[in-house]
Amino acid sequence: MTKLAIRNMVCDRCKAAVGRILEAHHLGWTRMDLGDVELREAPDAATIDHLRNALRKEGFDLVDGRTAKLITRVKSLIVDAVHHSSLAVPKAKLSAILSDALNKEYSSIASVFSQVEGITIEQYYLLHRMERVKELIRYDELSLSEIADRTGFSSAAHLSAQFKQLTGMTPSAFKKMREPARTSLDHIGGA
């Protein structure tokens, strides 16, 4: 089996798009997660080049190198924890989740991430949590206190302060906007 790391694969629609691209290149897979695919067979160099071009046309890219794969995996774990987990906010600390999943010391993961991405893991995580907050505000199904609880903020006041600091507006002003200022998951933190 061959593993591929794919940049910007951050949601189920992304997985479906990557699946269609792999099928078009006659590449079968045994497992597909956010940012990762295990192929049944190793493709030749020409197929990899064609695959890379097809992925780029759809906003994805193959990740080469251990550092790039680490960054892609960190981003995928954060996106999964914030946007796709059955838990609103993971009960374990982010540092423990990343260390366990990557089998590395958090300090080394954080150092590499900051050097490559130009922001800390915590900032990246906060930006994703804020996008989740925006999504929940737009659904208009939960109170601000419930949204704060689901997204790991200590209170509605803490959430409001963070929201205003990051977006320049209050949650209620955001809610009133006709065209909400949302960021695509693959563009958060300059991804």
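Observations on the model:
- Set of lysines with alpha-carbon distance to Lys104 below 17 Å, sequence-local pairs under 8 removed: Lys69, Lys75, Lys93
- Cα-projected label distance for Ala157 with Ser184, points at 7 Å along beta-carbon direction, nm: 3.9
- Most mobile listed residue (Asp64, Asp33, Asp140) in the chain, GNM with C-alpha springs under 10 Å: Asp140
- Rg/Rg_globular for the chain, with Rg_globular taken as 2.2 N^0.38 Å and Rg from C-alpha atoms: 1.12
- Computed over the chain, the per-residue total of -39500 (n - 2.57) for DSSP H runs of n ≥ 4 gives a 222 nm mean residue ellipticity of -17000 deg cm²/dmol, rounded to 500.
- Residue among Ile48, Ile119, Ile109 farthest towards the positive dipole end of the chain, charges placed on Cβ: Ile119
- Comparing His128, His83, His158 in a Gaussian network model of the chain, where Cα atoms under 10 Å apart are tied by springs, the biggest mean-square fluctuation is seen for His158.
- Between the Cα long axis of helix 121-139 and the first principal axis of the chain there is an angle of about 70°, rounded to the nearest 10.
- Highest-MSF residue in the chain out of Ser76, Ser145, Ser172 [GNM, Cα springs under 10 Å]: Ser172
- Among the trypsin sites (Lys or Arg not before Pro) in region 89-162, those located in a DSSP loop and surrounded by at most 12 other Cβ atoms within 10 Å of their own Cβ are Lys91, Lys93.
- Relative to the longest principal axis of the Cα atoms of the chain, helix 156-167 runs at roughly 60 degrees.
Rule-based calculations on the coordinates, nothing more; no lab input. Keep in mind that what you see is a predicted model, and the values were worked out from it rather than measured. Reconstructed Cβ throughout: ideal geometry from the backbone, glycine too, with neighbour counts over all protein chains shown.
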